[in-house]
1. Residues in the stretch 45-70 that are surrounded by 15 or more Cβ atoms within 10 Å (Cβ to Cβ), more than 15 Å from Val110 (Cβ to Cβ) and small (Gly, Ala, Ser): how many?
2. What about Ile155, is it without any contact (Cβ under 8 Å) to a residue 24 or more places away in the chain and closer than 16 Å to Ala68 by Cα?
3. Within the set of pairs 6 or more residues apart or between chains, which connect a residue that is more than 18 Å from Phe149 (Cα to Cα) inside the stretch 39-68 to a residue that is buried (at least 21 other Cβ atoms within 10 Å of the Cβ) and basic (Lys, Arg) with Cβ atoms less than 8 Å apart?
4. Which ranges mark the helices (runs of 4 or more DSSP H) fully within the stretch 93-207 that have 2 or more residues being touching a strand residue (DSSP E or B) at 6+ places or on another chain (Cβ under 7 Å), modelled with pLDDT under 75 and of a type in the set (Asp, Glu)?
5. Name every residue in the stretch 125-149 that is under 26 Å from Ser40 (Cβ atoms) and β-branched (Val, Ile, Thr), in order of residue number.
6. Just name the residue that is surrounded by the most Cβ atoms within 10 Å (Cβ to Cβ) out of those in the stretch 150-165 that are hydroxyl-bearing (Ser, Thr, Tyr) and under 20 Å from Ser40 (Cβ atoms).
7. Being of a type outside the set (A, V, I, L, M) and over 11 Å from the mean Cα position of the chain (by Cα) is the filter here; which residues of the stretch 104-123 pass it?
8. Among all residue pairs at least 6 apart or on different chains, which show Cβ distances below 8 Å where the first residue, located in the stretch 133-147, is more than 21 Å from Ile10 (Cα to Cα) and the second is among the polar types (S, T, N, Q)?
Amino acid sequence: MQILYIFLFIVISYLVGSIPNGYIIGKIFRKIDIREHGSSNMGATNIARVMGKQYAAIVFILDAFKGAAVIVFVRILMSYDLKFGMELGKVFINNNLFIYIYPLYGIFAVLGHVYPVYLKFKGGKAVATGVGAAMAMAFLIGLIGIFVFLIVFLIFRYASLASLYGTATVFILMMFYDIFLAKEIFVFAYNYHHNNWLIYLLEYTSI
């Protein structure tokens, strides 16, 4: 039964991750398809260029929420078990198994953003979604990753480069946090999609 619930939460993570917030915000507030403007990306960076920083902030928060949602929900279930002696969370997953499985929810949220079922599997770079998932797994480490991202971006003005430095920082710190190899799976999967950014950066092109 636990395997069934794990699979269910993985599917939910993907479907939540697939929600194209940038596309929706563009349609609602400007009646545009954001994919046809700027860098053609649905992320907060392109939203800021095309629509303004206030809309970019909304998209960033919503995209980050996608990465954190299922992880936080399952963690709340587990905390209720520990605090009140309930059995609800244990129906879904036991404590020992949970710490190895919950990075999968972040991975599939990111995959949902990158390959959204609602937009014919053509999505964005999942920077904010990855941030949300990282913060849900290790809040302080996620904040440090954001800090590194901001510093690099302010210095070099390349969101692509800043994202790579931020996620690399998260990976290194997670090696020393909690269970080794559990969360690193998520960071490797996230960085795998961003490998092509290095090619563009070497050509002085920001995606």
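1. Result for the stretch 45-70: 2.
2. Details: without any contact (Cβ under 8 Å) to a residue 24 or more places away in the chain: yes; closer than 16 Å to Ala68 by Cα: no.
No.
3. Asn41/Lys125
4. Numbers: elements: 95-114, 127-137, 139-156, 159-174, 182-193, 195-202.
Filter on the stretch 93-207 gives an empty set.
5. Step one: of the stretch 125-149, the residues under 26 Å from Ser40 (Cβ atoms) are 125-134, 145-146, 149.
Passing the criteria: Val127, Thr129, Val131, Ile146.
6. Here is the first cut: in the stretch 150-165, the residues hydroxyl-bearing (Ser, Thr, Tyr) are 158, 160, 163, 165.
Subset that is under 20 Å from Ser40 (Cβ atoms): 158, 160, 163.
Working: Tyr158: 19, Ser160: 21, Ser163: 28.
Filtering the stretch 150-165 for residues that are hydroxyl-bearing (Ser, Thr, Tyr) and under 20 Å from Ser40 (Cβ atoms), the one surrounded by the most Cβ atoms within 10 Å (Cβ to Cβ) comes out as Ser163.
7. Looking only at the stretch 104-123, we keep the residues that are of a type outside the set (A, V, I, L, M), and these are 105-106, 108, 112-113, 115-116, 118, 120-123.
Of everything in the stretch 104-123, those that are of a type outside the set (A, V, I, L, M) and over 11 Å from the mean Cα position of the chain (by Cα) turn out to be Tyr115, Pro116, Tyr118, Lys120, Phe121, Lys122, Gly123.
8. Listed by first residue and then by second, the contacts come to Ile144/Thr169; Gly145/Thr167; Gly145/Thr169.
The values are calculated or read from the model by the stated rules, or taken from the named source; none is laboratory data. None of the values given here were measured: they were computed from a predicted structure. Glycine also receives a Cβ, built like all others from the backbone with ideal geometry; neighbour counts cover every protein chain displayed.
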